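Chemist: Before we start, here is the structure in question, set down as structure tokens.
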Amino acid sequence: MTACRLSPLVAPLLLGLVLLGCHQVTGTEAEKTGVCPELKEDLNCTQECGSDGECADNLKCCRAGCATVCQMPDEKPGSCPKVDLPLTPLGLCRDQCQVDSQCPDLMKCCRNGCGKVSCVTPVF
């Protein structure tokens, strides 16, 4: 086995390229908040994304069997409004959702005045 020596001019250039490559990779792999919903297996094995950073807005890169797809996470930003107020706001007296991703836009799946859960506007 022979050893290779880099010229003093080439070594800093290679180090710069390695550092630049590492910076680009970590920028696209940034983990976004929330939890991926349970998805049905995609038998086409579509690779829509490799990390959360490749998905638009607050979508996460989630597994669906052998596939990876950008999906709205189960836990959206904001908190559920309090329902233990003196005049508790009523809601539908049936469960409307189970997880945040089942609610439209920024709405969250929260307990309502009936003791059930429904899609409501979160508190920020």
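Chemist: Taking 0.36 nm per intervening residue step and subtracting the Cα-Cα distance, what contour gain separates C45 from E75 on full extension?
Modeler: 8.3 nm
Chemist: Using a cut-off of 30 Å between alpha-carbon atoms, which lysines can reach K40, once sequence neighbours fewer than 8 places away in the same chain are excluded?
Modeler: K32, K60, K76, K108, K116
Chemist: Antiparallel DSSP bridges in the range 36-118: what percent, to the nearest 5?
Modeler: Numbers: 7 of 9 bridges.
Counting only bridges with both partners in the range 36-118, antiparallel ones make up about 80 percent.
Every number in this text was worked out from the coordinates using simple rules, so none of it is lab data. The shown structure was predicted, so the numbers you read here are calculated from the model rather than taken from an experiment.
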